[in-house]
Amino acid sequence: MTSSPTSSDSSLEEEKFLNPEDVEECIPPKELEMMIEEKKVGTLDDFVTLRWYCMLVLLMAELTAFTATASSKVMVFAGATPTVVGCGGTPLNGCHELAAFRNGTNDCVPDLKYQFKSVQVEFNYVCDDAKKVKNTITVQTFGVLVGAAIFGQVSDTFGRRKALLISTLGNAIFNWISAYSPDLFYFMVWRTLAGVFTGGVTVVQMVFMVENIPRKDRMWIQNSITWSPNLILFPFVAWLCHDWRTMSVVIAAASIATFFAVFLLEESPRWLIQKGRLDEARKSLIKIRKTDRLYDETFEKQLDEVLHVESEKHARSSKKAKKYTFIHLFCTWKMMAQSLTFVSGIMCTTFIVYSLMYNMEKLSGSLYWNLAIMGASRWIINILVSIADYRLPWFGRKMINQIAMVSTLLALFIMAVYLYFGYDGQLMAIGTVAAVAMCSQLFIAKYMMVNELYPTAVRNLAVSLVSTMSRIGSMFSPQLFYLSDYAEWIPYAVLLGCQFYDFIVLSIFLPETKGVVLENHLPPKNKRIFGKRA
């Protein structure tokens, strides 16, 4: 597989644009750089302002963020296992007493206690049978993985806007169909197909937003319009829905709203320029300028100059373009160690987060409040870390990882010991919220290190690899808590081991990357393991 622009934030750093086939005038590179530095010629960023059009982009971004959050986290509620409190009117306490009461002869209908009417409740999958519903989460997550791969390519080939329109419409259709599933099999099929389009939404929405907002405002906007604040909103929506069928319809409605929000927007001018479609880019930028009420008679002349400069920039960079594959991420012993550390680490992080989230119905307290508090905690921590990263030069990416890992280790250790001695209660809910909230920093810091550590030539490939492996880590998380059938503390001990491994390998193999000068090229061939074959 060869390198291609992927739908990730890192692709924006390179700012490579395709030139039209015929460029009449060629500006020498040094003269071009001097013109830009002296502001004789503007840049594309000069036309992106935080005004009316950007407000429409942010509305779209919030709708897509909520749609992606709800579609990805729906099984926290729709797959919540109910508690057995009786059978045929006879009070019982849990599955063990139910099995003893039935004793192979009594066919009574279990009495269930639940906060949300999940698939298990409606189709009567209780106790061991409830695992069948949990197993469908793995299949659904595979659909998200496939969708992310497909729509990443669709976005790069056919455009961000088209990819979002298709993915939001498909997500709406299959979520709506899933609301009328007659049994678990059809629910799994429709949810998996919905997951394919959910993967498209998650991959494309962020890059489309980033390409249409001012560069200086990207950080605070990305920290504000993200999954964490929507994790606060989503439990409230779930509480209003109360059952999985209504929730599926609401997610479909949110996807339709997102579809119309995207429909109102123009295709990303950056993508159009990248593909050499300068006339279309020109029309889009004029429409955007008119929406912002900043259009005047001098704008089109300035725009033509900028488009010409952007064409020249890529005309020079495209001549030096080379083909790279995933093999190049492992072409030296140092890069191999770093790549394996990132891959295994992100798998551990997603495994921890989703294992805990898919087991939240067993925690004391409200399922809705626990998830809302988790989202609020993540959002607050994100903001505090962003401030610390900006204010404190010594507060680097590696330190963020290590602090978050130590905090997660402490939370998991306390929960494992607590259960080992037979206790249970509110402490488990507090520990779960703390662990998941701190793991959110691992996602942010790890991806930041990937962007800062790898050379420009393979940076997109590195992000693509880490993103893919993160989804694989979440695929098998629902099955972890099957080990609680043997002892309640074992799943937490497994998660503790995963986090400890991640802490050790990151501390040994990854350097601090904050403030480093980004590399553009791979090491010379004589330093590579595979030599010229790489």
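The values are calculated or read from the model by the stated rules, or taken from the named source; none is laboratory data. These numbers were taken from a predicted model, which means no experiment stands behind them. Please note: Cβ atoms are built from the backbone with ideal geometry, for glycine as well, and neighbour counts cover all protein chains shown. Accessible surface areas use protein heavy atoms only, side chains included; no ligands, DNA or RNA. Shrake-Rupley method; radii C 1.70, N 1.55, O 1.52, S 1.80 Å.
Miscellaneous remarks
- In degrees, nearest ten, helix 397-420 long axis to first principal axis of the chain (Cα): 10
- Overall form of the range 240-311 per C-alpha gyration tensor (a/c, 1.5; a/b vs b/c): prolate
- The length gained by stretching the chain between Tyr186 and Leu50 to full extension, at 0.36 nm per residue less their Cα-Cα distance, is 44.5 nm.
- Among 257-265, 503-511, 297-305, sorting by the average number of other beta carbon atoms lying within 10 angstrom of each residue, highest first, gives 257-265, 503-511, 297-305.
- Accessible area expressed per residue, the chain, with surrounding protein chains retained (probe 1.4 Å, Å²): 46
- Largest-first principal axis extents of the Cα set of the range 327-533 (Å): 59, 40, 25
- Taken over the range 86-134, the ratio of Cα radius of gyration to 2.2 N^0.38 Å equals 1.12.
- Once the Cα atoms are used to define both axes, helix 244-263 deviates from the longest principal axis of the chain by about 10 degrees.
- Extension gain, Met336-Leu410: 0.36 nm per intervening residue step, less the Cα-Cα distance, totals 23.6 nm.
- At 1.567 mPa s and 4 °C, Stokes D of the chain from Kirkwood alpha-carbon radius, µm² per second: 52
- Spin-label model distance (nm) - Tyr501 vs Leu264, 7 Å beyond Cα toward Cβ: 4.8
- When a 1.4 Å probe is rolled over the protein heavy atoms, the share of accessible surface on the range 327-533 that falls to carbon and sulfur comes to 70 percent.
- In plain terms, the chain from Tyr482 to Gln302 could stretch by 58.5 nm, reckoned as 0.36 nm per residue minus the Cα-Cα distance.
- For the range 327-533: lysine pairs under 19 Å (alpha-carbon distance), excluding those fewer than 8 apart on one chain: 9
- Backbone N within the range 423-463 under 13 Å of label point (7 Å from Gln402 Cα along the Cβ vector): none
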